[in-house]
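Structure, as structure tokens:
The values are calculated or read from the model by the stated rules, or taken from the named source; none is laboratory data. Please read all numbers here as calculations on a predicted model, not as lab measurements. Cβ placement follows ideal geometry from the backbone for every residue including glycine, while neighbour counts extend to all protein chains displayed. When the accessible area is computed, the model is the full protein with side chains, heavy atoms only, and any ligands, DNA or RNA have been set aside. Shrake-Rupley method; radii C 1.70, N 1.55, O 1.52, S 1.80 Å.
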Amino acid sequence: MSLRYKKKKIVLNFDKENKLEKYVAANVLVGSISYEKLCNEVNQRTGIHRSIVDVVVKGVEDTMVTFLEEGFSVKLGEFGSFRPAINAASKDKEDEVSASTIIRKRIAFTPGSKFKTMLGNASIELFSDIVSGTGESGKEEPGGDSGDEAPDPTV
């Protein structure tokens, strides 16, 4: 497995006269897997019917929301853990800090051991711009179509 990146130009605007152009590596996704396709894949791998997979996943989701609302961190074994988190503006004095200084509320995910191992073992490769389905090498590149889902690697 490899992680793909592309070269992306960014412009840092410090003020009207002072602009700085830089280049960064930006992540490239091949596509997105729908919830239905994910349930179908779990069905294929485990033999558990899709509707049961759906009920279990939705039950886990509802239960997680309940515990997260109460302020708990939720651990899903080797999958990882979820916790409520906030981003807040800093202030010079303690009495200036209030709920209004909270900029963003979010759910933070910390990957478990399987995801950490997968990332640790992943290679990195440049994803060239796709021109009519082929990259710079002339080989068919993954993600050459504009569909919402990634191509099935077993086909």
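Select from region 1-37 the residues that are under 30 Å from ASP54 (Cβ atoms) and not in a strand (DSSP E or B) and list them in ascending order.
Passing the criteria: MET1, LEU29, VAL30, GLY31, SER32, ILE33, SER34, TYR35, GLU36, LYS37.
Given (1) within 23 Å of SER2 (Cα to Cα); (2) open to solvent by 90 Å² or more (accessible area, probe 1.4 Å); (3) at pLDDT 95 or above, identify the lone condition not met by THR110.
(2) is the only condition that THR110 fails.
Here is a check on your reading of the model: is VAL53 in contact with a Cys (Cβ under 7 Å, 6 or more places away or on another chain), more than 25 Å from VAL28 (Cβ to Cβ) and either open to solvent by less than 100 Å² (accessible area, probe 1.4 Å) or of a type outside the set (Gly, Ala, Ser) (or both)?
When the stated conditions are applied, VAL53 passes them.
Looking at (1) open to solvent by less than 100 Å² (accessible area, probe 1.4 Å); (2) modelled with pLDDT of 95 or more, can you tell me which one GLY77 breaks?
It is condition (2) that GLY77 fails.
Return the residue satisfying two criteria in turn: it lies in region 41-50 and is closer than 26 Å to GLY120 by Cα and not aliphatic (A, V, I, L, M), and of such residues it is most open to solvent (accessible area, probe 1.4 Å).
It comes out as ARG45.
Does SER90 fit the bill of being among the hydroxyl-bearing types (Ser, Thr, Tyr) and either in contact (Cβ under 8 Å) with a residue 40 or more places away in the chain or open to solvent by less than 70 Å² (accessible area, probe 1.4 Å) (or both)?
In short, no.
Which of the residues spanning region 7-40 are among the charged types (D, E, K, R), at pLDDT 90 or above and open to solvent by 80 Å² or more (accessible area, probe 1.4 Å)?
LYS7, LYS8, LYS9, LYS22, GLU36
For a quick check of your reading of the model, give me the residue pairs whose first member lies in region 13-34 and is hydrophobic (A, V, I, L, M, F, W, C), whose second is surrounded by 10 or more Cβ atoms within 10 Å (Cβ to Cβ) and not in a strand (DSSP E or B), with beta-carbon atoms closer than 6 Å and at least 6 apart or on different chains.
Close Cβ pairs satisfying both conditions: VAL28/PHE127; VAL30/PRO142; VAL30/GLY143; VAL30/ALA150; ILE33/GLU149.
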